[in-house]
Amino acid sequence: MPHRLPEGENATPLEVIGKTSSSSDKLVIIMVGLPATGKTHIAKRICRFLSFFHDINSQIFNVGDYRRKLCGAQQPAEFYDPQNPSGLAARTMACDAALADLQDYMRQPGARVAAFDATNSTKARRRHCVQTLRQNLSGLNAKVMFVESICDEEELLEENIRTVKLSTPDYRGMNPEDAVADFKRRIENYRSVYEPVESDEGPSIKIINSRQFVVTSIRGYLPLKVVHFCMNLHTLPRTFYMTRHGQSEYNLLGKIGGDSGLTPNGIEYAKRLADFATEFISFETAVNDDDNGGEPKPKPRPARLWTSTLRRTKETAQFIPHNKMTWNNQSNNDKSHNGDGKDDKNEEEEGVMMMDVEEWVQFRPMARRNLDELYAGTCDGFTYKEIEQYYPDEFARRQQDKLTYRYPRGESYMDVTLRLEPLALDMERTREPVLIIGHQGILRILYAYFMGLDRKEAPYVSIPLNNVIELTPHAYGCHERRYCLMLKEEMLKDGQDEPVTSMPMGNHAGGLNREKGNVLEGNNNVENAPSDDRSDKLHEHRRTGSRPSLVLDNEAVIGEQGNGEGAAAQYDSNDPVMNAPSH
């Protein structure tokens, strides 16, 4: 239901995100594709996007999960041979069980999206699914569409197999080489009978190597929303680095909002962030057989830089160099519309040449207005104590419902979520690492989206000052690392204490982490710092002083309903310096 504030000065209605669709809209997405082509990743991202930004109930029905429950996890490749009648019967039984649960789910009231995640590799299987749905859901007027994923790049397939499939229950505990060989035989069994989706089968989008798209007979709000999202999605590995601006003058005074500059502490953090960006974000670890005897070696990579339009984020980015580099570009057509690589005109003029080699401006700054901090309206420039003193009713309302509370003539977290949807699409589309210098309220929402948290948890996520959060989305969730570039002992108290009920709470209550050295303890999936070369280098810098240390290694698993099963990273709720919140 729409959230409406009481009549008065701030009586503007606030529509809950997602109510642009009809409450009776229902959509079934039937995934199609060979194993390891990114179907599960695509299905999970679709459901996550619709549930988080549009408040639409979305759930995945993975036939592989049903097959594992019915037949056990580790089945040999011969089990998937189309000429194996017992294997075919078992897989058909798993398919029907998943379809039955999907139908029960779709019969529930309200707008709903269900993703039927399986290979669905033959016309006969797809016809069976569609006929079953139409026969049993005829009174619901549910739409059905196909999302077909095709990947014929051997290098990408090999990476998908090793990084994703070998970690599934089907191959857990197996020798990696034996597992890869078995999975490739499984793929060949499916390939022997595979039939691509044809135009006469119904509405569909065909995704080819995450670069080409063929759309057929798509109509309606939800199907078009799915198509638009898929055309901004890819299955390649990518990493985001998010950090708040350095300490601002308003932080020091305990005020929220404004457009103040940085304090000396903030300037020092900006310098350290520039070092971090240059030394770590600008490089990836690669194996160079020719030059380094097969040993891991840092390899330069292009990277992006996004800030808000506010002064404090731009000043935080001021020391990051914008060097030019030349690199082999295999996905040139996917970058020009982001606006911070080489401009469209030059790409068109150079044509084919640009498909192989491109000149790239490293960390070319891009100021984005939708990254601006949540606007506090008439409370902008106040301290929390002043808000409590002069606007006690507003203060109390915010404490009761921080997610939907809107400052007088200002914004709410729900408003900010709405304006961040286009930015989330850009993040899904971008292939290079992105350094985002933003604000606490903004980064809370982006963090919650990628880590699979419920929107209600977003306003309570801890985004400390002087930390860089590294997020690496993957098919089954998102991996998180946090790097501390400047310890709280190096800063003076900034005087900005957010009200205690606005600190991390809810299902994290009683599980707030305690700091022990530089590694957080608590009920997160927290590990010691990894021993790879980049992490060792970080610790070496930390020992010499004033350089980053790895403080958190956390994994969030996105569940079948698009919600995280992991926990958000937390800091001590009584630490005003590191939390230094602005909203």
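The values are calculated or read from the model by the stated rules, or taken from the named source; none is laboratory data. The model shown is predicted, which means the values in this text are computed figures rather than measured ones. Glycine also receives a Cβ, built like all others from the backbone with ideal geometry; neighbour counts cover every protein chain displayed. Side chains are part of the model used for accessible areas, which takes the heavy atoms of the whole protein and leaves out ligands, DNA and RNA. Shrake-Rupley method; radii C 1.70, N 1.55, O 1.52, S 1.80 Å.
Of note:
- Taken over segment 126-155, the criterion of being of a type outside the set (A, V, I, L, M, F, W, C) and buried (at least 19 other Cβ atoms within 10 Å of the Cβ) is satisfied by R126, K143, E148, S149.
- Some residue of segment 108-121 being open to solvent by less than 20 Å² (accessible area, probe 1.4 Å), part of a helix (DSSP H, G or I) and over 16 Å from V32 (Cα atoms): no
- Filter result for D380 (of a type in the set (D, E) and closer than 17 Å to Y250 by Cβ): yes
- Enumeration of residues in segment 305-321 that are among the basic types (K, R) and either open to solvent by less than 10 Å² (accessible area, probe 1.4 Å) or under 14 Å from R364 (Cβ atoms) (or both): R312, K314
- Leading residue by the ranking (least open to solvent (accessible area, probe 1.4 Å)) among those in segment 225-274 that are part of a helix (DSSP H, G or I), at pLDDT below 95 and of a type in the set (A, V, I, L, M, F, W, C): L252
- If only residues of segment 163-190 that are among the charged types (D, E, K, R) and surrounded by 12 or more Cβ atoms within 10 Å (Cβ to Cβ) are counted, the one that is nearest to the chain's Cα centre (by Cα) is K165.
- Members of segment 175-207 that are in contact (Cβ under 8 Å) with a residue 40 or more places away in the chain and aliphatic (A, V, I, L, M): I187, V193, V197, I205, I207
- Residues located in segment 179-224, provided they are of a type in the set (D, E), assigned to a loop (DSSP other than H, G, I, E, B) and more than 30 Å from Q74 (Cα to Cα): E198
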